[in-house]
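Let me begin by presenting the structure, written as structure tokens, before commenting on it.
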Amino acid sequence: MRRLIVGDVMTTDVITVTAATSFKEVARLLDENDISAMPVLDENGRIVGVVSEADLMLRHEYRDTRLRAGWLTSSQARAVHTKVCGVAARELMSSPTVTIRQTSSVAEAARLMDVHRVKRLPVVDGDGRLVGIISRSDLVTVFLRADDEIRENVRREISQRVLLTETGTVYVDVADGVVVLRGELDRKSSVDIAEQLARHVDGVVDVVNQLGFDRDDSENRIAWRIGTT
């Protein structure tokens, strides 16, 4: 089963700046393009950081405040001081940047965003050059797949990977991304596999498994994993 990858949903028309881009130009680009962050690139198109609204807002936050010794750790104080006093993207940006390859799965993109608490990930090629950007909103579009498309994907997966070696019948219904499996299979293990296959189809919100079985082979079953190819 081919699952959606980052390259399928990422945005390729990315607004970027260079390390030398001025504070005011960064602010203008963020405002005019209605975005909250931009990748910072070097002369070879490789990403060296990300500059965001939050980086610029530090200027307001600390405008009338001196960074006193002991108030932050020394490394934190230096980083904040650099941003507050920065006049170009190289001082304003956050670095190093969490990136992802366009061949990675959308599930991996979601995991990285959650772990690193970021709203977007620059997408790079094998040489570290920017090829796109993927955001939370891009990931949400996966759940906008049509029910008919999801139904056909689920049917195909179960037909090719369960019913070829299993006697029985499986009916698939989908409403608002929720898959309902009905019918009867010979073995309980096949019922469980059918549910796993359905859950791994992109765009599926939930699976209601109403499949019956003739015999319970739980004690004899062997661990089974779903491939991603």
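Per-structure values
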| quantity | calculated |
| --- | --- |
| Scan of the range 151-197 for residues that are under 24 Å from Glu219 (Cβ atoms) and either among the hydroxyl-bearing types (Ser, Thr, Tyr) or within 25 Å of the chain's Cα centre (by Cα) (or both), ordered by number | Thr165, Thr167, Ser189, Ser190, Glu195, Gln196, Leu197 |
| Tabulated pairs, the range 19-42, first more than 22 Å from Val118 (Cα to Cα), second among the β-branched types (Val, Ile, Thr) and part of a helix (DSSP H, G or I), C-beta under 8 angstrom, 6+ apart or interchain | none |
| Any hit, the range 83-104, residues being free of Cβ contacts under 8 Å to residues at least 12 places away in the same chain and either surrounded by fewer than 16 Cβ atoms within 10 Å (Cβ to Cβ) or in a strand (DSSP E or B) (or both) | yes |
| Filter result for the condition that a residue is modelled with pLDDT under 90 and of a type in the set (Asp, Glu), over Asp147, Asp138, Asp127, Asp114 | Asp127 |
| Any pair with Cβ under 6 angstrom, 6 or more apart, that starts in the range 198-210 at a residue that is closer than 20 Å to Thr141 by Cβ and ends at one that is among the charged types (D, E, K, R) | Asp202/Arg3; Gly203/Arg145 |
| Qualifying residues in the range 1-43 (those that are among the charged types (D, E, K, R) and assigned to a helix (DSSP H, G or I)) - the one surrounded by the most Cβ atoms within 10 Å (Cβ to Cβ) | Asp8 |
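The values are calculated or read from the model by the stated rules, or taken from the named source; none is laboratory data. Source: prediction; values computed, not measured. Quick reminder, even Gly has a Cβ in these numbers, built from the backbone with ideal geometry, and neighbours come from all protein chains shown.
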